[in-house]
Amino acid sequence: MNYDLQLDAALQRLHDEGRYRTFIDIERRKGAFPHAVWRRPDGQEQPVTVWCGNDYLGMGQHPVVLDAMHEALDAAGAGSGGTRNISGTTVYHKRLEAELADLHGKEAALLFTSAYIANDATLSTLPKLFQGLIIYSDALNHASMIEGVRRNGGAKRIFRHNDVAHLRELLEADDPEVPKLIAFESIYSMDGDFGPIEEICDLADEFGALTYIDEVHAVGMYGPRGAGVAERDGLMDRIDIINGTLAKAYGVMGGYIAATTKMVDAIRSYAPGFIFTTSLPPAVAAGAAASVRHLKTDQGLRDRHQMQARILKMRLKGLGLPIIDHGSHIVPVHVGDPVHCKMLSDMLLAEYGIYAQPINFPTVPRGTERLRFTPSPVHGSDEVDKLVKALDQLWAHCALNRADLSA
């Protein structure tokens, strides 16, 4: 067996399909975001504006966060020193979990190293706790949720995206005595559309199912204290398990679930993804806690974020570009072809200093490739002007007429 030839063939398939992904070497600089420096392949440095990051509110450079991290680093050192069960639980971890439980109005919260791990570990563990559990999962759920459901060894049902009628059909077809859980998202990150939270909660009540919501792209940004779309809509108390991240709007790193004390205790006691993983560094936990605490009261930052998203969508619609607008802060521009998408991304970066990674399969279905822009409160009017002008020029320059791009 020639293993190198097999690897060459696998990589070549990605190149042939226009899906080969390259890392762009970006140097973020404190106080300058969204401006950064791109280290080009030739070794030269070029100023760029980051338009595809998930530091949605710029909290990764906020003084409140940085001060808390410096203080914890000086006090506790770099790493946590172990798993949560073996020397890796510190006062910083406990404070962060208390902040998160308070944020979501739940009895307890549990930290993981990422929201991916939180989803995977929790969803793969639940069938160990509820024998015969059936998980009903939205077809467009994040890869971490899909993986957790796939690995758990239990029964699963996939309902069409946001299709409550289809979900009802699936629930009605199963034994009413069997334990059930409905897993879905509040905001789906590639299209920026919202999940039908209230309707799903109504079905869960009717069929005796637990509810599991991923609020990763909503925490910090929606609701009067930033707890997410469920808080905004007054539905948090109807959700059994809430998943969130500390790596997007909160600007740091890590993931978590929030639920009852008993649910959290069971997950931490049975989930290998929690038990056998070194805990977050104390400084990271401290910075995240400071960010969560700050955003509970900074509605002005959330308002500016939504305003920038509305402005960008309005400007791009004015150009006639095929944007996908479901009312959230995410601004996808539909391209529909992986080669064209990569070409547009490369030209934005090299010619205009605008960094927006192409989004291709398997992140999105084939034929729906897109550029995904994430405006933030720190993207000012000058940055928006430059992006709009660049996209207008590139659409014409590349001879990709709008009809082709939106097909």
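The values are calculated or read from the model by the stated rules, or taken from the named source; none is laboratory data. Please read all numbers here as calculations on a predicted model, not as lab measurements. For neighbour counting, all protein chains shown are included, and Cβ atoms are generated from backbone atoms with ideal geometry for every residue, glycine included. Surface areas here come from the heavy atoms of the whole protein model, side chains and all, with no ligands, DNA or RNA. Shrake-Rupley method; radii C 1.70, N 1.55, O 1.52, S 1.80 Å.
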Odd one out for ALA249 among (1) within 22 Å of LYS106 (Cβ to Cβ); (2) part of a helix (DSSP H, G or I): (2)
Segment 11-39, residues that are free of Cβ contacts under 8 Å to residues at least 40 places away in the same chain, open to solvent by 40 Å² or more (accessible area, probe 1.4 Å) and over 23 Å from the mean Cα position of the chain (by Cα): LEU11, GLN12, ARG13, LEU14, HIS15, ASP16, GLY31, ARG39
Residues (open to solvent by less than 30 Å² (accessible area, probe 1.4 Å) and part of a loop (DSSP other than H, G, I, E, B)) located in segment 346-361: GLY353, ALA356, ASN360
Matching option when the condition is at pLDDT below 95 and either closer than 22 Å to VAL219 by Cα or part of a helix (DSSP H, G or I) (or both), among HIS326, HIS305, HIS294: HIS326
Filter result (within 25 Å of the chain's Cα centre (by Cα) and not acidic (Asp, Glu)) within segment 81-97: THR83, ARG84, TYR92, HIS93, LYS94, ARG95, LEU96
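With respect to VAL149, determine if the residue is under 24 Å from ALA271 (Cβ atoms), buried (at least 19 other Cβ atoms within 10 Å of the Cβ) and not hydroxyl-bearing (Ser, Thr, Tyr). Walk me through how you get there before you give the answer.
Numbers: under 24 Å from ALA271 (Cβ atoms): yes; buried (at least 19 other Cβ atoms within 10 Å of the Cβ): yes; not hydroxyl-bearing (Ser, Thr, Tyr): yes.
Criteria met by VAL149.
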Top-ranked residue in segment 308-323 [being touching a Leu at 6+ places or on another chain (Cβ under 8 Å) and either of a type in the set (Asp, Glu) or part of a loop (DSSP other than H, G, I, E, B) (or both); ranked as surrounded by the fewest Cβ atoms within 10 Å (Cβ to Cβ)]: LEU319
Evaluation of ASN141 against (1) open to solvent by less than 40 Å² (accessible area, probe 1.4 Å); (2) in a loop (DSSP other than H, G, I, E, B); (3) farther than 19 Å from ILE267 by Cβ; (4) not β-branched (Val, Ile, Thr) (one fails), failing number: (3)
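Quick check, is HIS217 open to solvent by less than 40 Å² (accessible area, probe 1.4 Å) and either assigned to a loop (DSSP other than H, G, I, E, B) or out of contact with any strand residue (DSSP E or B) (no Cβ under 8 Å at 6 or more places or on another chain) (or both)?
yes
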Flag if GLU45 is in contact (Cβ under 8 Å) with a residue 60 or more places away in the chain and charged (D, E, K, R): no
Boolean, LEU170 is over 24 Å from THR363 (Cα atoms), part of a strand (DSSP E or B) and in contact with a strand residue (DSSP E or B) (Cβ under 6 Å, 6 or more places away or on another chain): no
First in segment 332-360 and without any contact (Cβ under 8 Å) to a residue 12 or more places away in the chain and on the phi < 0 side of the Ramachandran plot, second anywhere and surrounded by fewer than 17 Cβ atoms within 10 Å (Cβ to Cβ) and assigned to a helix (DSSP H, G or I), Cβ under 7 Å, 6 or more apart: none
Segment 117-145 residues that are within 18 Å of CYS201 (Cβ to Cβ), paired with ones that are basic (Lys, Arg) and open to solvent by less than 10 Å² (accessible area, probe 1.4 Å) (beta carbon under 6 Å, 6 or more apart): ILE134/LYS180
Test: VAL264 is of a type in the set (Val, Ile, Thr), at pLDDT 95 or above and open to solvent by less than 20 Å² (accessible area, probe 1.4 Å): yes
Members of segment 236-255 found to be within 11 Å of the chain's Cα centre (by Cα) and either free of Cβ contacts under 8 Å to residues at least 24 places away in the same chain or buried (at least 22 other Cβ atoms within 10 Å of the Cβ) (or both), listed by number: ASN243, GLY244, THR245, LEU246, LYS248, ALA249, GLY255
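Is one or more of the residues making up segment 110-118 out of contact with any strand residue (DSSP E or B) (no Cβ under 9 Å at 6 or more places or on another chain) and surrounded by 20 or more Cβ atoms within 10 Å (Cβ to Cβ)? Talk me through it step by step, then tell me what you get.
We begin by selecting, within segment 110-118, every residue out of contact with any strand residue (DSSP E or B) (no Cβ under 9 Å at 6 or more places or on another chain); these are none.
Scanning segment 110-118 turns up no residue that is out of contact with any strand residue (DSSP E or B) (no Cβ under 9 Å at 6 or more places or on another chain) and surrounded by 20 or more Cβ atoms within 10 Å (Cβ to Cβ).
Please work out which residue is least open to solvent (accessible area, probe 1.4 Å), limiting yourself to segment 153-189 and to residues that are polar (S, T, N, Q) and closer than 19 Å to SER114 by Cα. Reasoning before the result, please.
Just the residues of segment 153-189 that are polar (S, T, N, Q), to begin with: 162, 186, 189.
Within this subset, residues satisfying the condition of being closer than 19 Å to SER114 by Cα are 186, 189.
On the way: SER186: 1, SER189: 19 Å².
Per the stated criteria, the residue is SER186.
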Matching residues in segment 389-407 - criterion: being open to solvent by 10 Å² or more (accessible area, probe 1.4 Å), modelled with pLDDT of 90 or more and under 20 Å from ASP325 (Cβ atoms): ASP392
All positions within segment 329-379 that are touching a Cys at 6+ places or on another chain (Cβ under 6 Å) and of a type in the set (Gly, Ala, Ser): ALA356
Residues (in contact with a Pro (Cβ under 8 Å, 6 or more places away or on another chain) and in a loop (DSSP other than H, G, I, E, B)) located in segment 191-214: ASP191, GLY192, GLY208
Total residues in segment 257-282, condition farther than 13 Å from LEU246 by Cβ and out of contact with any Lys or Arg (no Cβ under 6 Å at 6 or more places or on another chain): 18
